[in-house]
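Readers should treat all values here as calculations from the given coordinates under stated rules, not as data from a laboratory. Since this is a predicted model, take the numbers as computed values, not measurements. Reconstructed Cβ throughout: ideal geometry from the backbone, glycine too, with neighbour counts over all protein chains shown.
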Amino acid sequence: MSTKHSAPRKTRLSGPEREQQILRGAVEFFSEVGMGGDTRELARRLGVTQSLIYKYFPNKDALIDRVYQEVYLGRWNPFWESVIRDRSIPLEERLVSLYIEYSKVALTRDWVRIFMFSGLRGESINKKYLEVLRRRILEPIALELRHALQLPDVKTLPLKTAEIELVWSINARVFYFGQRRWIFDVPIEGDVNEMIRLTIAHFMAGARVVLPQILGVAAPAKARTKKRG
């Protein structure tokens, strides 16, 4: 007597579950093929219809915006902001802690590749994220750097563009580690955390000399003494 085996019943996803499935698939898809990837191909990979994607995301721009929220805002760590302002810890140590934690998110495959693809396509992801980064990370670092180096505060002397560019150099260096791995396919030799420590030490040493020049003020006596020593 033969026994018939019925095919396993597919689990029916709820609306929110289906939306998350599409979103996760879109993050992986765009990180692989770039922002020019077609939603028909995304649907094929997910095993759904293109019309189902548009049921949850009215158009491709809306889907890309949700990818931005998922990858960049959704993974934002409040610790990055809080540690910057903790003056009970020397600034150099704060920056090391910040960027070690930041690297755990910003050096991942989808973060790096989507960011690069978005920039090449002129998508809004880069502009929106960099505005957030400047306001919540870079400008606070610039303020703390002045305080740590005993330089005039912003009430006396407003922040200058060159100061922000100086701080950008940290992010540029750290992000390059991700580019090497996920864009250039060049292995990162050595420990990333140690490279971040060296990056911050190099930044602080340079800032002690360069920042007073940017502001057009004399370096504090303590900093000048240390340089002569």
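Would you mind calculating the relative contact order of the chain from Cα pairs under 8 angstrom and at least 6 residues apart, reporting the percent as a whole number?
19
Calculate the spin-label point distance for Lys127 paired with Leu157, positioning each point 7 Å from the Cα along the beta-carbon direction, and give it in nanometres.
3.3
Among all lysine pairs in the chain that are eight or more places apart or on different chains, how many have alpha carbons less than 23 angstrom apart?
Step by step, the pairs that qualify in the chain add up to 8.
How long is the gain from Asp65 to Ser51 if the chain were fully straight, where each residue apart is worth 0.36 nm and the alpha carbon distance is subtracted?
3.2 nm
Which of the listed residues, Leu198, Val209, His147, is farthest toward the dipole's positive end in the chain, when Lys, Arg count +1 and Asp, Glu count -1 at the beta-carbon?
So the residue furthest toward the plus end is His147.
Over all distinct alpha-carbon pairs, what is the Kirkwood Rh of segment 67-148 in angstrom?
It is 13.6 Å.
Hey, what's the Kirkwood Rh for segment 22-94 if you take every pair of different alpha carbons, in angstrom?
Hydrodynamic radius (Kirkwood, Cα only) of segment 22-94 equals 14.3 Å.
Can you give me the distance in nm between label points at Val217 and Asp191, each placed 7 Å from the Cα along the Cα-to-Cβ direction?
Calculated label separation equals 3.7 nm.
Just to be sure I understand the model, the point goes 7 Å from the Cα along the line to the Cβ. What's the resulting Arg24 to Lys104 distance in nm?
2.1
Would you mind ranking Glu70, Glu165 so that the residue whose beta carbon has the fewest other beta carbons within 10 Å leads the list?
Glu165, Glu70
Compute and list, largest first, the equivalent-ellipsoid semi-axes of the chain from the alpha carbon gyration tensor, each √(5λ) rounded to a whole angstrom.
Computed over the chain, the values are 46, 18, 16 Å.
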